[in-house]
1. Which of the numbered conditions does Gly76 fail, given that it passes all the others? Conditions: (1) out of contact with any strand residue (DSSP E or B) (no Cβ under 6 Å at 6 or more places or on another chain); (2) within 16 Å of the ligand (Cβ to nearest atom).
2. Looking at Ile95, Ile130, Ile120, can you tell me which residue is in contact with a Lys or Arg (Cβ under 7 Å, 6 or more places away or on another chain), at pLDDT 95 or above and not basic (Lys, Arg)?
3. Would you tally the residues in region 134-153 being farther than 17 Å from His97 by Cβ and crowded, with 17+ Cβ neighbours inside 10 Å?
4. Residue check: is Pro48 modelled with pLDDT under 80 and within 15 Å of the chain's Cα centre (by Cα)?
5. Need the failing condition index for Ile69 against (1) touching a Ser or Thr at 6+ places or on another chain (Cβ under 7 Å); (2) of a type in the set (Val, Ile, Thr); (3) crowded, with 21+ Cβ neighbours inside 10 Å, just the number.
Amino acid sequence: MFRRIIDQNPSDDGAGNGLLGNIQFSRDYFDSRPGNELACTPDDDTPPDEAEMREFKTDHPKIILCEPIFTYGVIGRQGYPNAPGVTCDNIYPRISHRMETFGHNLLHEYTHWDKLLVDIVQGPFDIPGIEDVEADNGAYGCWAVRQLDRPQSQRNADSYAWLATEVFWTQTCFGTHGPLQEPRKEDNA
Ligand SMILES: [Zn+2]
């Protein structure tokens, strides 16, 4: 799945799978038409989403970037204003929400795109698409994804995003900082 997202053809330019160029990104906006509110779905029970993929069964999906995503830094350097870079120094010593980046959230959204990835899970695992599973403790965050059972994890977007994030930071920081400790419930996000 990650290989597909990075590049379908290893001889390409390293800029990621060309299909990603078919995604239209837009910042959250106020839709004044009757019955429509913020493009990012408001929900009283949970914090607002970082991003949402729309029309994920089509060749040209949309990703709405909701306000919270702009608070996430990027790897090693500052992101948007008030979004400090994420580095080994500021995530250590344990796996936590502090290692979540802007890119982590994009990766999460990419996994929802059926046209890009669904064939990988549909045939071998009989999974009709990558979703945000309904789970008692939620399906988002470094701790929550570890509470899912295997069938839930296989169809849950944030499980893939957290696998990539954990592996990346573990490999990147291990040499200088040593092993990262396991996530705690209070470090979820
Ligand atoms: Zn999702």
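1. (2)
2. Of the residues listed, the single one that is in contact with a Lys or Arg (Cβ under 7 Å, 6 or more places away or on another chain), at pLDDT 95 or above and not basic (Lys, Arg) is Ile130.
3. Here the count works out to 2.
4. yes
5. Going through (1) touching a Ser or Thr at 6+ places or on another chain (Cβ under 7 Å); (2) of a type in the set (Val, Ile, Thr); (3) crowded, with 21+ Cβ neighbours inside 10 Å one by one, Ile69 breaks only (1).
Table: residues versus (1) away from the ligand (no atom under 12 Å from the Cβ); (2) polar (S, T, N, Q); (3) closer than 26 Å to Gln181 by Cβ.
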| site | (1), (2), (3) |
| --- | --- |
| Asp49 | no, no, no |
| Glu52 | no, no, no |
| Glu55 | yes, no, no |
| Thr58 | yes, yes, no |
| Pro81 | yes, no, no |
| Thr101 | yes, yes, yes |
| Tyr110 | no, no, no |
| Leu117 | yes, no, no |
| Gly123 | yes, no, no |
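The values are calculated or read from the model by the stated rules, or taken from the named source; none is laboratory data. Since we're looking at a predicted model, the values are computed, not measured. Here the Cβ is made from the backbone with ideal geometry for all residues, glycine too, and neighbour counts use every protein chain on show.
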